[in-house]
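Just below is one structure, and these are the notes that go with it.
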Amino acid sequence: MRKLVYYVAVSVDGFIAGPSGEFDFYPAAPDMAAHQLAEYPETIPVQARPQLGLTDTPNKRFDTVLMGLGAYRPGLDAGIPSPYPHLTQYVVSSSLPAVDDPAVRLVRADPLGLVRELKRQPGDGGDIWLCGGGLLAGQLLPEIDELVLKRYPVVAGGGIPAFAGPLRPRPFAPVETLDFSHGGTVTTYRPAG
């Protein structure tokens, strides 16, 4: 069965973006960027792929991406309605009136039902990437099979939390942590118990 993987950048204090969706405060580290390019090349959006030499790079881990409106909006605002054409794309939003690209499927309700259905499908040999945001991650918490947190050594002080919604503790156990030159880490967690 396919897995739902929440692969996301996060500050030390647990925010994935600033209050208005900012993410430019994350400090760069060439070795962390190289890790993303090597292990998760499909998480690079279409506009950056040619500059990074990823035009013909096959997907390594994911074949599907789920985005909340906050995760989808930066590309849309930049005139890119299909940010990950190399993946099957879903946008979960009850407020977005429409999507102007047939490659992106708009889902207005029941993200849990969508994920359960996607997990039953064979896909193209990859897992499902939960790209964000925090509200969608909070709704999908019961179905998350793996967390991959790119933790940057910065305190945001406020913004969009990695998980938003009601208190629903769910234990996860770390299975791997990689350290990078700027003090950041990439830690993979799986459900505990």
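Between Asp127, Asp145, Asp110, the distinction of being at pLDDT 95 or above, charged (D, E, K, R), within 29 Å of Leu178 (Cα to Cα) and surrounded by fewer than 19 Cβ atoms within 10 Å (Cβ to Cβ) belongs to Asp145 only. Restricting Gly70, Gly75 to residues that are more than 27 Å from Tyr189 (Cα to Cα), buried (at least 16 other Cβ atoms within 10 Å of the Cβ), small (Gly, Ala, Ser) and modelled with pLDDT under 95 narrows the list to Gly75.
Determine whether Pro85 is surrounded by fewer than 20 Cβ atoms within 10 Å (Cβ to Cβ) and either modelled with pLDDT under 95 or within 27 Å of Gly158 (Cβ to Cβ) (or both). Show your work before the answer.
Numbers: surrounded by fewer than 20 Cβ atoms within 10 Å (Cβ to Cβ): yes; either modelled with pLDDT under 95 or within 27 Å of Gly158 (Cβ to Cβ) (or both): no.
The answer is no for Pro85.
Residues in the stretch 97-107 that are among the hydrophobic types (A, V, I, L, M, F, W, C) and at pLDDT 95 or above: Ala103, Val104, Leu106, Val107. Of everything listed in (1) out of contact with any helix residue (DSSP H, G or I) (no Cβ under 8 Å at 6 or more places or on another chain); (2) part of a loop (DSSP other than H, G, I, E, B), the single unmet condition for Arg105 is (2). Screening Ala38, Ala28 for residues that are exposed (fewer than 13 other Cβ atoms within 10 Å of the Cβ) and modelled with pLDDT under 95 leaves exactly one candidate, Ala28. Taken over the stretch 109-145, the criterion of being closer than 24 Å to Ser20 by Cβ and either out of contact with any strand residue (DSSP E or B) (no Cβ under 8 Å at 6 or more places or on another chain) or part of a helix (DSSP H, G or I) (or both) is satisfied by Pro111, Gly134, Leu135, Leu136, Ala137, Gly138, Gln139, Leu140.
The values are calculated or read from the model by the stated rules, or taken from the named source; none is laboratory data. Everything quoted here is computed from the prediction, not taken from an experiment. For neighbour counting, all protein chains shown are included, and Cβ atoms are generated from backbone atoms with ideal geometry for every residue, glycine included.
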